[in-house]
Amino acid sequence: MVSRVIPVQAFDLVIFGGTGDLARRKILPALFRRHCAGQLPQDARIVGVARRALGSDGYRDLIRAALQNELSGTEIAARGAELERFLARLEYLAIDAQAVDGWTALKQMLGTPTPDRVRVFYFSVGPALFAPLAEQIWRYHLADDQTRIVVEKPFGHDLASAKALNRTLASHFDESQIYRIDHYLGKETVQNLMAIRFGNMLFEPLWNSQYVDHIQITVAESVGVDGRASYYDKSGAMRDMMQNHLMQLLCLIAMEPPAKFDPDAVRDEKLKVIRALEPVEPHHIVRGQYSAAEDAEPGEDQSYRETVGDPRSTTESYVALKAHISNWRWAGTPFYLRTGKRLVARSSVINIFFKDAPHSIFGADAGRHANLLTIRLQPDEGITLKVTIKEPGPGGMRLIDVPLDMSFAQALGADIDGAPDAYERLITDVIRGNQTLFMRGDEVEAAWAWTDPIIAGWTSRGDVPKPYDSGSTGPGDADLLMRRDEREWRGINP
């Protein structure tokens, strides 16, 4: 296969928070790779904006060092000339979002908006600055119908704040101009969920409660909250991961086929899934908080509470729950979701467990067997379908389960290695005006409407997260959640 690179139209991209961690580690490396791929037109401009007094030359030096740090030495060596050409695209302005200095200079730099040039404002800043930035862009007449804004999560802290944020953005921009970015949706394998489901007649007839016993969605992280402690302790795993990343995976697995592959058609079906979610019972929720590993040296592997500097913190670093979707397709089929920090491995996996055959003709000695479809999102992206066959050799009909395994890296070779990463795909989608992989305002509010009662419930009950060892699979209560239903979690494998 040959990857096709289709250039985007001319654009000006203004990155508020242009000196921040996200800009240096994700946004600008993504833009550099798209530049090297020939996807950025020659007259595309990138403007970094922050409060630091740098100047454009100082900013280019900062980004040069950041790219050399983020990209491999081989990549930098192969693209050294392109690096300088990319840096020549960069400009910088010192602007305080809540002050007047610098805004007139930005307006002069960008000039008058024109229909043949897209203008994108990327809010790579804290949520508290979203409203002031939107207000200033409107006040200085920097936007037109071609203008788009990109908003990073969190999209609010609860339903009330999400609604307030949506109202503020809607007072200055149309919903079609607002791109709420969740980098998980930009992953190639996450997008492949739709291709697997709706591009293969093999699966869709079986994709319902008649044939599916249950579904497990796991997003495990081996790292702790280091570097994000102050934010994470006010958020926790439920707000940081479950309400958005895992919710989106759930929607893609459970949604009905849209009438067409169109942004609003896809998001309409995702919204129906969220609104069909039943309230989660307290005994179907497990919260955990990691402690130091048993064999860790003093100061080597801190517990969650040591990392955040609060010996009484009740914020969860792990959450597992059992969810039900009240519609014809999924009534009676449980969805088990779990996510956590400092677990045994980094792994994002969806497991679809099919039911046993209604009647076995092979007798008790053959054992019980059922099909399992595993979709590996990271690492080692791929798909495995477990099927039942006869064990080789004489001695009767003995059945075993074997995998039909497809690794994207093996099947696609160089094509998968050169595939754009999440931010590369999402940023170019913004420029093209394609909102399929971005969350809509009503979708965000529906997710919070389901999440808020869960958080309010454990807060009112005074629940304290269960401790679990760093490097484990999580608290033991999560295993009990499954065993009560005579099921087990699949292992967390790297």
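The values are calculated or read from the model by the stated rules, or taken from the named source; none is laboratory data. Since the structure is predicted, the reported quantities are computational estimates derived from the model, not experimental observations. A quick note on method: Cβ atoms are made from the backbone with ideal geometry, for glycine too, and the neighbour counts reach across all protein chains shown. Ligands, DNA and RNA are stripped out before the accessible areas are found, and what is left, the full protein with its side chains, is counted by its heavy atoms. Shrake-Rupley method; radii C 1.70, N 1.55, O 1.52, S 1.80 Å.
Identify, please: which residue in the range 43-70 is closer than 10 Å to Gly18 by Cβ and out of contact with any Gly (no Cβ under 7 Å at 6 or more places or on another chain) and is, among those, most open to solvent (accessible area, probe 1.4 Å)?
Filtering first and then ranking leaves Arg52.
In the range 245-268, of all residues being charged (D, E, K, R) and within 21 Å of Glu445 (Cβ to Cβ), the one that is surrounded by the most Cβ atoms within 10 Å (Cβ to Cβ) corresponds to Arg267.
Of all the residues that make up the range 128-160, how many are under 21 Å from the mean Cα position of the chain (by Cα) and either assigned to a helix (DSSP H, G or I) or β-branched (Val, Ile, Thr) (or both)? If you could, list the steps in order and put the result at the bottom.
The initial filter retains those residues of the range 128-160 that are under 21 Å from the mean Cα position of the chain (by Cα), namely 130, 148-159.
Imposing the further condition that a residue be either assigned to a helix (DSSP H, G or I) or β-branched (Val, Ile, Thr) (or both) reduces the set to 130, 149-151, 159.
Qualifying residue count for the region: 5.
Among the listed residues Val444, Val464, which satisfies the condition of being in contact (Cβ under 8 Å) with a residue 60 or more places away in the chain, β-branched (Val, Ile, Thr) and open to solvent by 10 Å² or more (accessible area, probe 1.4 Å)?
On the way: Val444 fails: open to solvent by 10 Å² or more (accessible area, probe 1.4 Å).
Answer to the selection: Val464.
Among the residues of the range 101-120, is any within 30 Å of Ile253 (Cβ to Cβ) and under 24 Å from the mean Cα position of the chain (by Cα)? Talk me through it step by step, then tell me what you get.
Step one: list which residues in the range 101-120 are within 30 Å of Ile253 (Cβ to Cβ), which gives none.
No; the residues of the range 101-120 include none that is within 30 Å of Ile253 (Cβ to Cβ) and under 24 Å from the mean Cα position of the chain (by Cα).
Specify the residue that is most open to solvent (accessible area, probe 1.4 Å); the eligible residues are those in the range 71-98 that are among the acidic types (Asp, Glu) and modelled with pLDDT of 85 or more. Can you show your working first?
Just the residues of the range 71-98 that are among the acidic types (Asp, Glu), to begin with: 75, 82, 84, 91, 96.
Adding the requirement that they be modelled with pLDDT of 85 or more leaves 82, 84, 91, 96.
Details: Glu82: 54, Glu84: 88, Glu91: 56, Asp96: 57 Å².
Among them, the one singled out is Glu84.
What about Phe408, is it modelled with pLDDT of 70 or more, under 26 Å from the mean Cα position of the chain (by Cα) and either surrounded by 14 or more Cβ atoms within 10 Å (Cβ to Cβ) or at positive phi (or both)?
Numbers: modelled with pLDDT of 70 or more: no; under 26 Å from the mean Cα position of the chain (by Cα): yes; either surrounded by 14 or more Cβ atoms within 10 Å (Cβ to Cβ) or at positive phi (or both): yes.
Criteria not met by Phe408.
Which condition number does Asp101 fail, the rest of (1) open to solvent by less than 40 Å² (accessible area, probe 1.4 Å); (2) touching a strand residue (DSSP E or B) at 6+ places or on another chain (Cβ under 9 Å); (3) without any contact (Cβ under 8 Å) to a residue 60 or more places away in the chain being met? Exception for Asp101: condition (1).
Per-residue answers, yes or no, for (1) open to solvent by less than 40 Å² (accessible area, probe 1.4 Å); (2) under 20 Å from Arg228 (Cβ atoms); (3) modelled with pLDDT under 95:
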site	(1), (2), (3)
Arg305	no, yes, yes
Arg312	no, yes, yes
Glu316	yes, yes, no
His324	no, no, no
Ala331	no, no, no
Ser360	no, no, yes
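Hey, any hits in the range 456-473 for a residue that's β-branched (Val, Ile, Thr), assigned to a loop (DSSP other than H, G, I, E, B) and within 24 Å of Glu281 (Cβ to Cβ)? Yes, that holds for at least one residue. The set of residues in the range 477-494 being free of Cβ contacts under 8 Å to residues at least 40 places away in the same chain and open to solvent by less than 60 Å² (accessible area, probe 1.4 Å) consists of Asp479, Gly491.
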